[in-house]
Every structure is written in structure tokens, then in C-alpha cells.
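Undergrad: Sending over a structure as C-alpha cells; questions will come in a sec.
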Amino acid sequence: MKKRFLSAAVLSVTTALSTAAYADYSLTILHTNDFHSRIEPINKYDSTCGEEDNAEGKCFGGTARLDTIIKDRRAASNNTILVDGGDQFQGTLFYTYYKGKAAAEFMNKLGYDGMTVGNHEFDDGPEVLRGFMDAVDFPVLMSNADVSKEPQLADVLKPSIVIERGGEKIGLIGLTPEDTDELASPGANISFTDPVAAVTREAEKLAAEGVNKIIVLSHSGYNVDKEVAAKAPGIDVIVGGHSNTYLSNTSDDAEGPYPTMIDGPDGTPTAVVQAYAYGKFLGELNVTFDDNGVITEADGEPIIIDNTIVENPELVSRIKELAEPLDEIRKEVVAQADAPIGADREVCRAQACEMGILVADAMLDRVKGQGVQIAIQNGGGLRASIDAGEITKGEVLTVLPFQNTLSTFELKGSDVIAALENGVSQVEEGAGRFPQVAGLKYSFDKTKPAGERISDVMVMEGDSYVPLDPEKVYGVVSNNYMRGGGDGYKIFATNGMNAYDFGPDLADVVSDYLAGKNGYSAYTDDRITVK
């Protein structure tokens, strides 16, 4: 481990007085996270932006713009690395159609130096992740999991690696959510472990190899990253992901400063950064190390990828080529929206939201003829908002990209309550398990302990709501991911009766529901009460 020289509070002050004593090394860390297959530009709702709007300067991001700004920032610094905080997979038809192939092609083109595994990299099992890893020119890392029993990954997925830049060794450690087995489909052969212990182990190993500049590529969320920074000695920077956190020193919308500086257990500072999601920003962190590998300066700011950044025409052409098979699907107009349908991440994971109500209503409407009374949809499964005007199939697929199918089953009322308790158990963390519902009302108090938060559960009987009976059996509709125990809904898997998990694709269900409306008007109501 590194020797403690100075506390983070006095490092920057002392540096100017002692420059001659150190052989300073400066590094620019360019970073992305939670790109979610947004290869084409996005609009302000994080959904695919049309060519006309793009030409009018209304769009953000996209790989062709990202390439331009990365080249620009590399040219401005002597020592630069480009890394990713995970979740390149899933989110648009580019992933649905090409799986990891398109992501691999463009990440190679942009020249990434490393990435960590995000939970969505496991959405289609270890096989697709392995195909992606075989196709990329950079290391893909994950330290807090045992993959030794998974033949697809055992020989290729490493916990850490050492790269060189400007004659200096830099250690990279990968980190993924500890609950990935609940969030995705890694299979039974992989077990996930505590992030602090994993990072500490790898940092010690790297230090023994003479590496004193260590960067954690973490897809664990901002709060976990701050905890790792405070508890794991010997690390310098955490490039984060998973929570889609916007950090900034200039915006009132930021959740914290960029970088967020945390003193580690050895007294040396760790810089924690993240750059929102969907390629809307490129993170740029400039760090200076002394000759002992301790950070003496750390500053930067996420760069917004707006219309002022010119798209690389070569990549624009290639993206259009890859998009050709997708266009027929996504350009189909399925409905009209009278106003935007909001799916803000922070709202849909904490209270009733417009998109959650739309999706839950559509699910229940599809199967109400089968005696189903209750619909439950995880808020984390809602991935984008929809603008007013024409609604295309592509937009619906961007909202619901996971190819989940409807699952119907029966559940005792007491188990419905238990499922709702799971759904609100991590609301303060913004967890995706938050339950958006239809045919049901409930209240919750997040100040109470998890498992004791739900009250006032009502279910629609005929034309009115009545108290839910814990002993009565109810018909429930959800998606096959949740029915299989995803997002902690294990009670659906263990206690669900007479289940059918192979219903229509959820995106098709929502498209058909919207098509039956003469212009859909988004709304919220009192089905969920936050006490």
C-alpha cells in the first residue's frame, strides 16, 4: 500500500511549495458509462433523434460526435486514456439486432483502453459477452466475481490489468454490481462478491508489482463508489457507472462535484467520477500524481456532446449502413402522443411516473380477459421517454429494449405485499426494482425499515378499489424477467402458481395498446402514495 504523505485537504496547498521534490506525472482520463447502444444521436429524452432534428442541431451524442471530441481531447494532452464504466449493451435496435458486434466495432474505432463489465453485458448470457470480448482490442475486466466455473469466461475475463502511458504503469481494476445475478442473466456458474474486498485484493496485487497509479472502472453506482473509495486502500481514481450520475462543478442539476474527492483509509485521496449516460457527455478528468503515485491535483468537467461537435462523416456513413436493416422496423408509426410521456429515471424509480403507468396499464389491458387483476412492472425496465407527436415502433423499443415477454401467474395477497416490499426496499438508492402498477394502489413510507414500508394496499374489484386480502389468490401480470426472480422478485419465482412466461413481447403489447388510442395522453394518478 502507499505510504500516507499528506491528507487530501492539504495536498493541493503543499504541492505548489514542494514541486522540486517530486517527479510529477499528469494523466487525462476520458471516460463514458451506460452508453446503452446509443450509436446514433439522441434527443433530449435520451431516445433516438431523427435526421431532421439532427440537421437542425437539436440532438446530442452519437458515436460519430463522440469520435470527434475524443480525438480533440487526445490532441490536447500528452498522456490520455479512454475507458468505459460498463453497460455498452442493450438499449436500441443496434443491440437487439447486432448484439455486441456493433458496440465492439465502434469501441475499437474510438480506441478504448479498457472497460468493466456492466450488468447488462450479461443480459444475453455469458456467450454474448464472450463474443464481444473476442471482438474488442482492449481488456474487459471484472474483479468481484468468480468466473472459474463458467467455461465461456474463465480463461479471458480478468480482474485487473496493467497498461502503460507516457512511460508509467497504470493499473485498471473492473467492478460490477454485486447483485448482477438479480439484475441480469449471468447464469448459475458465476458468483458475485463484495466490491471493497475485491478492489482491495487487486490493489494489493498491483502494488506488489510496482504499480502505484490505480484506476477502478466501476459499474456499481455512485454511492457504492464512494464507499469503495473510503474503504479500499491504494486506489486513486474510480470511473463509475450504473447509477447514471451526473457530476459537475457548474450545473445545479449535478448530484455532486466532479470529481468527488474521498479520503481513503490510508489518508490519500481518491477521485470519483461519472458522466451521466447514453453518450450525452464525455467525462474528462485531469489528474497529477507525485512520484509515489499520490494524487496532488484532480480537476475536470463532463463535456456535453451537443451540435457544436461535428460528426465524423466516415462514421456517419457506417452507422447509416448498419441502420438499414433496422429502419423498416423502427420507422413504423404506431400511435400519436398528445404530450411527452415521461420516463425520468429518478421519478420512475421512486413514485408513479407517466411511462410506468402507460406500461402497467397496457400489460393489464392485454390480459384482463384472463381474470388478471394486478400488473407490476419494474421502473428500471423503462429506459427512455417519448416525445409528443408520432410514436414509432423504434421509440417504443427504446423504452422497452429487453425483449421481455408478458408473464401471467397467480399469487396470494400476502405474497403481493411481499413483492411490493421488495420493490420499495431500495428506493433511496434509486434501484430499478421500484414497482409501477396497475389495478392496484399502495402507500409506502421510506423512513421505515425495508420490509415494513408498505401499507394501504388496494386492488380493483369491478369498478372500485377494495382492500387487498392477504389470503386471497390474485391473477398477476408482470414480465418474464421479474417472474424469474429478477430485481429481487424471487417470490414471483418461488410462489407464483399456474404461471405462463411466454406471452407476447412487452414492446408489442405497449405498441398495440397505444395504437388503440385516438392519441395517447400521458397522466399520473394516486395509485402510489409516498408518505
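Undergrad: Keeping all protein chains in position, work out how much accessible area TYR513 exposes to a 1.4 Å probe, and write it in Å² to the nearest 10.
TA: Counting only protein heavy atoms, TYR513 exposes about 30 Å² to solvent.
Undergrad: Measure nothing fancy, just the Cα-based angle from helix 354-367's long axis to the longest principal axis of the chain, in degrees from 0 to 90, nearest 10.
TA: Between helix and principal axis, roughly 40 degrees.
Undergrad: List the residues whose amide H sits under 5 Å from the amide H of GLY86, counting only those 5 or more places along or on another chain, with H placed 1.01 Å from N in the peptide plane.
TA: Long-range HN contacts for GLY86: ASP34, THR116.
Undergrad: Compute the Cα gyration tensor for the range 243-360, then decide on rounded, prolate or oblate, letting a ≥ b ≥ c be the square roots of its eigenvalues: rounded whenever a/c is under 1.5, prolate when a/b is larger than b/c in the other cases, and oblate in all that remain. List each step's numbers first, then the result.
TA: Details: a/c = 3.10, a/b = 1.61, b/c = 1.93.
Oblate.
Undergrad: Related question: Can you give me the long-range amide H partners of GLY240? Hydrogens built in the peptide plane at 1.01 Å from N, cutoff under 5 Å, separation of 5 or more residues or another chain.
TA: SER218, VAL273, GLN274
Undergrad: Turning to a different aspect of this structure: At a Cα cut-off below 14 Å, give the aspartates and glutamates reachable from LYS472, other chains included and same-chain residues fewer than 8 away excluded.
TA: The qualifying aspartates and glutamates are GLU410, ASP415, GLU461.
Undergrad: Using 0.36 nm times the number of residues separating ASP179 and ASP306, minus their current alpha carbon distance, what extension gain do you get? Could the numbers behind the result be given before it?
TA: Working: separation 127, 0.36 × 127 = 45.72 nm, distance 3.43 nm.
The span from ASP179 to ASP306 would gain 42.3 nm if fully extended.
Undergrad: A further question on this structure: Expressed in nm to one decimal, what extension gain is obtained for the pair LYS517 and ALA188 from 0.36 nm per residue of sequence separation less their Cα-Cα distance? Let's see the in-between values first.
TA: Details: separation 329, 0.36 × 329 = 118.44 nm, distance 4.27 nm.
The LYS517-ALA188 span can extend by a further 114.2 nm.
Undergrad: Calculate the FRET efficiency for ASP469 and ASP327 from the Cβ-Cβ distance with a Förster distance of 45 Å, rounded to the nearest 0.05. Intermediate results must be reported in sequence, preceding the final value.
TA: Details: r = 50 Å, r/R0 = 1.11.
The calculated FRET efficiency here is 0.35.
Undergrad: Here's a follow-up. Just how much of SER521 is accessible, in Å², when a 1.4 Å probe is used and the result is rounded to the nearest 10?
TA: 60
Undergrad: I'd like the distance separating the alpha-carbon centroids of the range 214-264 and the range 478-505, in whole Å.
TA: 34
Undergrad: Here's another thing I want to ask about it. Out of residues 5 or more away from GLY91 or on other chains, whose amide H comes under 5 Å of its own, with H placed 1.01 Å from N in the peptide plane?
TA: Placed amide hydrogens put THR96 under 5 Å from GLY91.
Undergrad: How much area per residue is accessible in the range 385-531 when the probe is 1.4 Å and only protein heavy atoms are counted (Å²)?
TA: On the way: 6000 Å² over 147 residues.
Accessible area per residue: 41 Å².
Undergrad: Given N residues in the chain, what is its alpha carbon radius of gyration divided by 2.2 N^0.38 Å? Present the calculation step by step, with values, prior to reporting the outcome.
TA: Details: Rg = 23.6 Å, N = 531, 2.2 N^0.38 = 23.9 Å.
Taking the Cα Rg and dividing by 2.2 N^0.38 Å, one obtains 0.99.
Undergrad: Could you give the accessible area per residue of the range 60-179, probe 1.4 Å, as a whole number in Å²?
TA: Per residue, the range 60-179 has 33 Å² of solvent-accessible surface.
Undergrad: Could I ask something else about it? What whole-number value in Å² describes the accessible area per residue of the range 251-342 for a 1.4 Å probe? If you can, show how the numbers build up before the last one.
TA: Values: 3860 Å² over 92 residues.
Value returned for the range 251-342: 42 Å² of accessible area per residue.
Undergrad: Still on this model: Return the subset of LYS44/LYS280; LYS149/LYS205; LYS101/LYS393; LYS368/LYS531; LYS44/LYS320; LYS169/LYS280 for which the Cα-Cα distance in this structure is over 19 Å, preserving the input order.
TA: On the way: LYS44/LYS280 9 Å; LYS149/LYS205 23 Å; LYS101/LYS393 23 Å; LYS368/LYS531 30 Å; LYS44/LYS320 21 Å; LYS169/LYS280 30 Å.
Flagged as over cut-off: LYS149/LYS205; LYS101/LYS393; LYS368/LYS531; LYS44/LYS320; LYS169/LYS280.
Undergrad: Per 5 Å bin, what percent of the C-alpha pairs of the range 221-293 does each bin hold, from zero upward?
TA: For the range 221-293, the pair-distance distribution reads 3, 17, 27, 24, 16, 9, 3, 0.
Undergrad: Output wanted: per-residue J couplings in Hz (rounded whole) for the range 194-204, from phi through Karplus 6.51 cos²θ - 1.76 cosθ + 1.60, θ = phi - 60°, x for Gly and Pro.
TA: 4, x, 5, 4, 5, 5, 4, 4, 5, 5, 5
Undergrad: Another question, if that's okay. May I ask for log10 I(q)/I(0) of the range 84-236 at q = 0.16 Å⁻¹, from a Debye sum over the Cα atoms as equal point scatterers with solvent left out?
TA: -0.85
Undergrad: Given points 7 Å out from each Cα along the Cα-Cβ axis, report the MET497 to ALA208 separation in nanometres with one decimal.
TA: Placing both labels 7 Å beyond Cα along the Cβ direction yields 5.6 nm.
Undergrad: Compute the normalised compactness of the range 71-119: alpha-carbon radius of gyration over 2.2 N^0.38 Å, N being the residue count. Don't skip to the end; give the middle numbers.
TA: Working: Rg = 12.7 Å, N = 49, 2.2 N^0.38 = 9.7 Å.
Working it through for the range 71-119, the quotient is 1.32.
Undergrad: Semi-axes, largest first, in whole Å: what does sqrt of 5 times each Cα gyration tensor eigenvalue give for the range 464-531?
TA: Numbers: eigenvalues 124, 83, 32 Å².
That gives 25, 20, 13 Å for the three semi-axes.
Undergrad: Divide, for the range 155-240, the radius of gyration over alpha carbons by 2.2 N^0.38 Å, where N is the residue count. Can you show the working numbers first?
TA: Values: Rg = 13.3 Å, N = 86, 2.2 N^0.38 = 12.0 Å.
With N residues counted in the range 155-240, Rg over 2.2 N^0.38 Å equals 1.11.
Undergrad: Here's another thing I want to ask about it. For n ≥ 4 DSSP H runs only, could you compute -39500 (n - 2.57) per run for the chain, divide by its residues and tell me the 222 nm figure to the nearest 500? Working shown, then result.
TA: Numbers: 17 runs with 156 residues, N = 531.
Result for the chain, helices only: -8500 deg cm²/dmol.
Undergrad: From zero outward in steps of 10 Å, how is the percent of C-alpha pairs of the range 361-448 spread across the bins?
TA: 14, 41, 34, 11, 0
Undergrad: Counting only protein heavy atoms and using a 1.4 Å probe, what share of the accessible area of the chain belongs to carbon plus sulfur, as a whole percent?
TA: C and S fraction of accessible area: 48 percent.
Undergrad: Given a Förster radius of 30 Å and the C-beta distance between LYS71 and ALA388 as r, what FRET efficiency does 1/(1 + (r/R0)^6) yield to the nearest 0.05? Please list the in-between numbers first.
TA: Details: r = 36 Å, r/R0 = 1.20.
According to the calculation, E is roughly 0.25.
Undergrad: Just to be sure I understand: of the beta bridges DSSP finds with both ends in the range 22-148, what percent are antiparallel, rounded to 5? Walk me through the numbers on the way to the answer.
TA: Working: 2 of 11 bridges.
Taking every DSSP beta bridge within the range 22-148, about 20 percent pair in antiparallel fashion.
Undergrad: Give the angle, between 0 and 90 degrees and rounded to the nearest 10, that separates the Cα long axis of helix 413-424 from the longest principal axis of the Cα atoms of the chain.
TA: Rounded to the nearest ten degrees, it is 30.
Undergrad: Can you spot the aspartates and glutamates whose alpha carbon is less than 16 Å from LYS58's alpha carbon? Ignore those fewer than 8 places along the same chain.
TA: GLU40, ASP46, ASP306, GLU311, ASP387
Undergrad: Report the extension gain between GLU429 and ASP266 in nm, rounded to one decimal, defined as 0.36 nm multiplied by the number of residues separating them, less their alpha carbon distance.
TA: Values: separation 163, 0.36 × 163 = 58.68 nm, distance 2.73 nm.
So the chain would gain 56.0 nm between GLU429 and ASP266.
Undergrad: Taking every DSSP beta bridge that has both residues in the chain, what percent is antiparallel when rounded to the nearest 5? Don't skip to the answer; put the middle values down first.
TA: Details: 56 of 84 bridges.
Around 65 percent antiparallel, to the nearest 5.
Undergrad: Here is a follow-up. Using only Cα atoms and rounding to the nearest 10 degrees, what angle (0 to 90) does helix 101-110 make with the longest principal axis of the chain?
TA: 30
The values are calculated or read from the model by the stated rules, or taken from the named source; none is laboratory data. A quick note: this is a predicted structure, and the numbers were derived from the prediction, not measured. In this analysis, Cβ positions are derived from the backbone assuming ideal geometry, glycine residues included, and neighbour counts consider all displayed protein chains. What goes into the accessible areas is simple: the full protein's heavy atoms, side chains included, and nothing from ligands, DNA or RNA. Shrake-Rupley method; radii C 1.70, N 1.55, O 1.52, S 1.80 Å.
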